[in-house]
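See below for the structure under consideration.
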Amino acid sequence: MRVVIIGAGVAGHRLASRLCDEKHDVVVVDRRARILEEISSELDVQTVLGDGISPGVLEKAGVAKAGLVATLTNRDEVNILAAAFAHAAGARYTAARVSNDELSAARHAGDLSTLGIDLVVNEHDECAREVLSVLDLGGAKEIVRMAGGRIQAVGTNVPPGSPLLAGPLKDFPHPDILSNVRLIAVVRNERLLMPHGDTEFEVKDTIYCVGQPADVQAFLNVVRPHQIAVHKVVIAGGGDVGWRLARHLERTDKQVVVIEANSERAHECSASLEKSMVISGSALDPAVLDEIGITHHTAIVASTGNDENNIIACLLAKKLGAALGVAVISKPEYVSIINEAGLLDRAVSPYYATMNAFLRFVRGASILAVTLLQGVPGELLEVRVSAGSRWVGKALRTARLPKQAIVAAIVRGDVASIGTGDTVLQEGDQVIVFAPLGATSKLESVFRK
């Protein structure tokens, strides 16, 4: 597929890299010659120098032949106009990154669809929702919701004292709970292990499980018996992510405190938030944290816009007794380092959420959505069993899936369940599959008519 990416910043660069790995025909458009030179020296892409809203530049990029045009500049108006122009020129799909709340809100996204924009992604809201999921699940390293939220995939560390350490997986002392989830991956010392009955776990292994949200929560409650509940959330930074997170948290029973260094922005947060306490100050000041009261039931989420300050704020709060430290990191390369080294409880990046949202339009008709896992060299896919598929009426065990691919769940209508080899597929089923990177085309061929 020909994919035109307008905007060669961090998100555009990483999306181009991911699509090149899948052998797509990628064109990158940007006004900065130096950035384009760097990308072309690293990736097998075509580059076009110029403004993404210039009809001549779009024509040179070949948007009329593009299966997807993704607009990822740091200006909403450019992204919207470029996507609209690309649609008018004949692009099959267009997707735009839009940070403005009013424009990206669901009630207004329909207005943009009339311009031919198929997907609107607000990376700040996506990131805030991811942090909210981390808080809900007590520090899980990674959380992915699929099939409209009916299925959840969660990555978490194996702590000391976990029942998983008692012996091989087949002897897990709570088989009734284990039967409701599917373990899809184990990461140990940066190596991927595929779990089976004889798998024995070690402290600090990262395990990934899939199931309905309530079943996943029940499983995590058992394998992490000493997880501390969070009652207070301190948000360092009342900017794009922090303010959105506070709004989400105000719908819960958690106490919310926002620390904002800019007095004018602190006043704006105070005026727009209903239940949160807003403090004008620095989260790097121990006196401010001491005034707030950091306890073992407190989580800190650092989203100041400065990666290094976010890391330090989390470390300082943890030293004062916080149960959980989550940092919003703008440099994607920092995320894997922080999470793998265990420097903090969790690092999240707006760019991963953005990339996952954009990737869905690159897939074939059988692939409904795809989600990259940050800590695992694989991806989760929602595969649809289409009308007339040769797999309708056949058991999953007969499907010749790619090596190491695991069927994690089946969604049939409003009912989600863990798939087994004896599960007989029906038309319209959504099959949640964990697969190694690059296996998407093979999966699509398996479930194609």
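The values are calculated or read from the model by the stated rules, or taken from the named source; none is laboratory data. As the structure is a prediction and not an experimental result, all values here were calculated from the model. Virtual Cβ from ideal backbone geometry, glycine too; neighbours counted across all protein chains shown.
Below, the figures for the structure above:
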read-out: Residue list for segment 58-80, restricted to those being touching a Leu at 6+ places or on another chain (Cβ under 8 Å) and more than 19 Å from T114 (Cα to Cα); value: L72
read-out: Sole exception among (1) assigned to a loop (DSSP other than H, G, I, E, B); (2) in contact with a Cys (Cβ under 7 Å, 6 or more places away or on another chain) for A229, by number; value: (2)
read-out: Test result for I259, under 21 Å from the mean Cα position of the chain (by Cα) and either surrounded by 14 or more Cβ atoms within 10 Å (Cβ to Cβ) or not hydroxyl-bearing (S, T, Y) (or both); value: no
read-out: Filtered residues of segment 324-347 (kept if in contact with a Ser or Thr (Cβ under 6 Å, 6 or more places away or on another chain) and either on the phi > 0 side of the Ramachandran plot or modelled with pLDDT of 80 or more (or both)); value: V328, I329, V335
read-out: Sole residue being more than 21 Å from the chain's Cα centre (by Cα) and under 24 Å from W243 (Cα atoms), chosen from L112, L132, L103; value: L103
read-out: Hey, S162 modelled with pLDDT under 90 and among the polar types (S, T, N, Q) or not; value: no
read-out: Pairs with Cβ under 7 Å, 6+ apart, first in segment 286-303 and in contact (Cβ under 8 Å) with a residue 24 or more places away in the chain, second outside any strand (DSSP E or B) and of a type in the set (S, T, Y); value: V288/S282
read-out: Hits in segment 86-141 (condition: over 23 Å from V348 (Cβ atoms), at pLDDT 85 or above and of a type in the set (A, V, I, L, M)); value: A86, A88, A89, A91, L115, I117
read-out: The one condition in (1) modelled with pLDDT under 95; (2) of a type outside the set (A, V, I, L, M); (3) touching a Gly at 6+ places or on another chain (Cβ under 9 Å); (4) within 29 Å of Y351 (Cβ to Cβ) that G237 fails to fulfil; value: (1)
read-out: Residues located in segment 152-211, provided they are of a type in the set (S, T, N, Q) and part of a strand (DSSP E or B); value: Q152, T156, N157, T206
read-out: Test: A88 is small (G, A, S) and buried (at least 17 other Cβ atoms within 10 Å of the Cβ); value: no
read-out: Residues within segment 233-255 that are touching an Asp or Glu at 6+ places or on another chain (Cβ under 7 Å) and assigned to a helix (DSSP H, G or I), tallied; value: 1
read-out: Set L135, L72: member being of a type in the set (A, V, I, L, M, F, W, C) and closer than 24 Å to A16 by Cα; value: L72
read-out: Index of the failed condition, I279 passing every other in (1) surrounded by fewer than 24 Cβ atoms within 10 Å (Cβ to Cβ); (2) outside any strand (DSSP E or B); value: (2)
read-out: Filter pass, E291 being surrounded by fewer than 22 Cβ atoms within 10 Å (Cβ to Cβ), closer than 24 Å to D125 by Cβ, among the acidic types (D, E) and assigned by TED's automatic domain parsing to the domain that holds V326; value: no
read-out: Test: V210 is closer than 29 Å to N157 by Cβ, among the aliphatic types (A, V, I, L, M) and assigned by TED's automatic domain parsing to the domain that holds I143; value: yes
read-out: When residues of segment 174-224 are limited to those that are touching a strand residue (DSSP E or B) at 6+ places or on another chain (Cβ under 6 Å) and among the aromatic types (F, W, Y), the one nearest to A408 (Cα to Cα); value: Y208
read-out: Scan of segment 184-227 for residues that are surrounded by 15 or more Cβ atoms within 10 Å (Cβ to Cβ) and β-branched (V, I, T), ordered by number; value: I184, V186, V187, T199, T206, I207, V210, V216, V222, V223
read-out: All strands (runs of 3 or more DSSP E) inside segment 374-449 with 3 or more residues being surrounded by 21 or more Cβ atoms within 10 Å (Cβ to Cβ) and either modelled with pLDDT under 80 or outside the structural domain of I338 (by TED's automatic domain parsing) (or both); value: 378-384, 406-412, 430-436
